[in-house]
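One structure is given here, and the rest of the page talks about it.
The values are calculated or read from the model by the stated rules, or taken from the named source; none is laboratory data. Every value quoted in this text rests on a predicted model; they were computed, and no experiment measured them. Note that we place each Cβ from the backbone using ideal geometry, even for glycine, and neighbour counts take in every protein chain shown.
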Amino acid sequence: MTLAEVGQRSQRILQEIEKVIVGKSGVVRYVLAGLLADGHVLIEDIPGVGKTMLARSLAKAVNGVFRRIQCTPDLLPSDITGTMVFDQKQGEFRFKPGPIFGNIILADEINRATPKAQASLLECMEERQVTVDGITHLLPRPFFVIATENPIEYHGTYPLPEAELDRFLLKVNIGYPEHRDEVVILERQMERHPIETVEPVVEVEELLAMQQEVRKVYVEPSLKDYIVSLVEATRRHEQVLLGASPRGSLAILRMAQVWAALEGRDYVLPDDVKRVAIPCLVHRLILRPEARMREVSPERLLHGLVETVEVPTTLKPWTSGA
């Protein structure tokens, strides 16, 4: 598969998803980029804006196995990963896989799960495997977690620990639709839900090939230095208690490669880095208490850093196949 084919197939996936998700092409593009970068996405938003429909339509468009985990305070780790059950016919215990065994996993309202249940996702998201009773079971590929959380409700919720937040490649918000887009939503659902019209446009094997191809996108050495400078700036900022880890640098690198591929290029530009830096870093920062008291948001702080960190002005020439 070539990068040109990656771009063509990506556009077809986007078109299918936008049959359901209206007026949010930027968010849809970020989520698809997260999938192509082989990461995971956290969506923080209020109920009813299409978080679940986004995950379902993406799964249908890539013909992947969709699984939903409804997170509640009584959810057990075994409810996610699976457990050993006794097979009376065989006279032995066998592993019964949990809902984590799929391609597109929706962890709905993840902050309602207890810390113990949330922790069961860490190995899955990072290692792409599950260990039960000392036996390791590999998860299917591709493996993509879309987790959602409601930022408004706090009763009965458990904040995601930093170690878990760091496992997400990026964090995005959907937001309310524009007036005209909401009218379109009403019109499309007059007779049936548009999720029924979504068709698979790529197969899982093609998606895996797309993930491999985007990693070949060229990143000039000075841009790697620029990425690290952005991340280092979060660690030195006077209003930041804990800055982004090296996993944040890798997230920007992978997302910038995918973003360039979606734009039809086999090389990364500084603008690609700028476009993905904030969603890749916003959930990785812990602000100092005095900054929070002044209502400084991580988004606003990162906007300032993106504007002030020096951008490479000269890039070495790049030609395909070099």
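Within the stretch 24-64, work out how many residues are in a loop (DSSP other than H, G, I, E, B) and more than 18 Å from Ala209 (Cβ to Cβ). First the steps, then the outcome.
Step one: list which residues in the stretch 24-64 are in a loop (DSSP other than H, G, I, E, B), which gives 24, 37-40, 45-50, 62-64.
Imposing the further condition that a residue be more than 18 Å from Ala209 (Cβ to Cβ) reduces the set to 24, 40, 45-50.
Count: 8.
Return yes when Arg167 is within 30 Å of Cys71 (Cα to Cα) and among the charged types (D, E, K, R) and no when it is not.
Numbers: within 30 Å of Cys71 (Cα to Cα): yes; among the charged types (D, E, K, R): yes.
So Arg167 passes the test.
Determine, yes or no, whether Gly34 is surrounded by 24 or more Cβ atoms within 10 Å (Cβ to Cβ) and in contact (Cβ under 8 Å) with a residue 24 or more places away in the chain. Before the answer, list the steps.
Values: surrounded by 24 or more Cβ atoms within 10 Å (Cβ to Cβ): yes; in contact (Cβ under 8 Å) with a residue 24 or more places away in the chain: yes.
Yes: the conditions hold for Gly34.
Please find, among Lys19, Lys89, Lys96, the residue that is closer than 28 Å to Ile135 by Cβ, over 15 Å from the mean Cα position of the chain (by Cα) and either part of a loop (DSSP other than H, G, I, E, B) or in the same structural domain as Gly264 (by TED's automatic domain parsing) (or both). Quick ask: steps written out before the conclusion?
Values: Lys19 fails: closer than 28 Å to Ile135 by Cβ; Lys96 fails: either part of a loop (DSSP other than H, G, I, E, B) or in the same structural domain as Gly264 (by TED's automatic domain parsing) (or both).
Result of the check over Lys19, Lys89, Lys96: Lys89.
Given the structure, is Ser222 on the phi < 0 side of the Ramachandran plot, part of a helix (DSSP H, G or I), outside the structural domain of Tyr30 (by TED's automatic domain parsing) and free of Cβ contacts under 8 Å to residues at least 60 places away in the same chain?
Working: on the phi < 0 side of the Ramachandran plot: yes; part of a helix (DSSP H, G or I): yes; outside the structural domain of Tyr30 (by TED's automatic domain parsing): yes; free of Cβ contacts under 8 Å to residues at least 60 places away in the same chain: no.
Answer is no for this residue.
So Ala113 fits all but one of (1) touching a residue at least 40 places away in the same chain (Cβ under 8 Å); (2) over 30 Å from Glu178 (Cβ atoms); (3) in contact with a strand residue (DSSP E or B) (Cβ under 7 Å, 6 or more places away or on another chain); what number is the exception?
(3)
Inside the stretch 110-138, can you point out the residues that are assigned to a helix (DSSP H, G or I) and aliphatic (A, V, I, L, M)?
Residues of the stretch 110-138 that are assigned to a helix (DSSP H, G or I), as a first pass: 110-112, 115-127.
Once the filter is applied, which keeps residues that are assigned to a helix (DSSP H, G or I) and aliphatic (A, V, I, L, M), the stretch 110-138 yields Ile110, Ala117, Ala119, Leu121, Leu122, Met125.
From Phe95, Phe66, grab the single residue that is farther than 20 Å from Glu149 by Cα and among the aromatic types (Phe, Trp, Tyr).
Working: Phe66 fails: farther than 20 Å from Glu149 by Cα.
None of the other options fit; the residue is Phe95.
Test Leu207 against the criterion of being more than 28 Å from Tyr267 (Cβ to Cβ), assigned to a helix (DSSP H, G or I) and modelled with pLDDT of 90 or more, and give yes or no.
When the stated conditions are applied, Leu207 does not pass them.
List every residue pair whose Cβ atoms lie under 7 Å apart, where the two residues are 6 or more positions apart in sequence or sit on different chains, the first residue falls within the stretch 288-299 and is in contact (Cβ under 8 Å) with a residue 12 or more places away in the chain, and the second residue, located anywhere, is surrounded by 14 or more Cβ atoms within 10 Å (Cβ to Cβ) and in a helix (DSSP H, G or I).
Glu299/Ile278
Do you know which of the residues in the stretch 9-30 that are basic (Lys, Arg) and in contact with a helix residue (DSSP H, G or I) (Cβ under 7 Å, 6 or more places away or on another chain) is nearest to Leu186 (Cα to Cα)?
As a first pass, look at the stretch 9-30 and keep what is basic (Lys, Arg): 9, 12, 19, 24, 29.
Then drop every residue that is not in contact with a helix residue (DSSP H, G or I) (Cβ under 7 Å, 6 or more places away or on another chain), which leaves 9, 19, 29.
Values: Arg9: 29, Lys19: 13, Arg29: 23 Å.
Taking the candidates together, the pick is Lys19.
Let's see how each residue does on (1) at pLDDT 90 or above; (2) assigned by TED's automatic domain parsing to the domain that holds Asp45; (3) hydroxyl-bearing (Ser, Thr, Tyr); (4) at positive phi:
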site: Ala107; (1), (2), (3), (4): yes, yes, no, no
site: Asn111; (1), (2), (3), (4): no, yes, no, no
site: Gly134; (1), (2), (3), (4): no, yes, no, yes
site: Thr157; (1), (2), (3), (4): no, yes, yes, no
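In this structure, does Arg141 turn out to be assigned to a loop (DSSP other than H, G, I, E, B), of a type in the set (Lys, Arg) and either surrounded by 13 or more Cβ atoms within 10 Å (Cβ to Cβ) or without any contact (Cβ under 8 Å) to a residue 24 or more places away in the chain (or both)? Let's see the steps before the verdict.
On the way: assigned to a loop (DSSP other than H, G, I, E, B): yes; of a type in the set (Lys, Arg): yes; either surrounded by 13 or more Cβ atoms within 10 Å (Cβ to Cβ) or without any contact (Cβ under 8 Å) to a residue 24 or more places away in the chain (or both): yes.
Spelling it out, Arg141 is indeed assigned to a loop (DSSP other than H, G, I, E, B), of a type in the set (Lys, Arg) and either surrounded by 13 or more Cβ atoms within 10 Å (Cβ to Cβ) or without any contact (Cβ under 8 Å) to a residue 24 or more places away in the chain (or both).
Please indicate, with yes or no, whether at least one residue in the stretch 152-171 is under 30 Å from Pro312 (Cβ atoms) and out of contact with any helix residue (DSSP H, G or I) (no Cβ under 7 Å at 6 or more places or on another chain). Let's see the steps before the verdict.
Step one: of the stretch 152-171, the residues under 30 Å from Pro312 (Cβ atoms) are 165-171.
Right, trim to out of contact with any helix residue (DSSP H, G or I) (no Cβ under 7 Å at 6 or more places or on another chain) and you get 165, 168.
For the stretch 152-171, residues under 30 Å from Pro312 (Cβ atoms) and out of contact with any helix residue (DSSP H, G or I) (no Cβ under 7 Å at 6 or more places or on another chain): present.
Confirm whether Leu207 is of a type in the set (A, V, I, L, M) and not assigned by TED's automatic domain parsing to the domain that holds Ser10.
Numbers: of a type in the set (A, V, I, L, M): yes; not assigned by TED's automatic domain parsing to the domain that holds Ser10: no.
No; evaluated as a whole, the condition is false for this residue.
Residue under question is Glu238, and the condition is that it be exposed (fewer than 13 other Cβ atoms within 10 Å of the Cβ), closer than 23 Å to Arg292 by Cβ and out of contact with any Gly (no Cβ under 7 Å at 6 or more places or on another chain); does it hold?
Numbers: exposed (fewer than 13 other Cβ atoms within 10 Å of the Cβ): yes; closer than 23 Å to Arg292 by Cβ: yes; out of contact with any Gly (no Cβ under 7 Å at 6 or more places or on another chain): yes.
Here the answer is yes, as Glu238 does meet what is asked.
So, of the residues in the stretch 159-201 that are modelled with pLDDT under 85 and assigned to a loop (DSSP other than H, G, I, E, B), which turns out to be farthest from Pro73 (Cα to Cα)? Please lay out each step first, then the result.
Of the residues in the stretch 159-201, the ones modelled with pLDDT under 85 are 159-164.
Restricting the remaining residues to those that are assigned to a loop (DSSP other than H, G, I, E, B) gives 159-161.
Working: Pro159: 12, Leu160: 13, Pro161: 16 Å.
If we take residues in the stretch 159-201 being modelled with pLDDT under 85 and assigned to a loop (DSSP other than H, G, I, E, B), then Pro161 is farthest from Pro73 (Cα to Cα).
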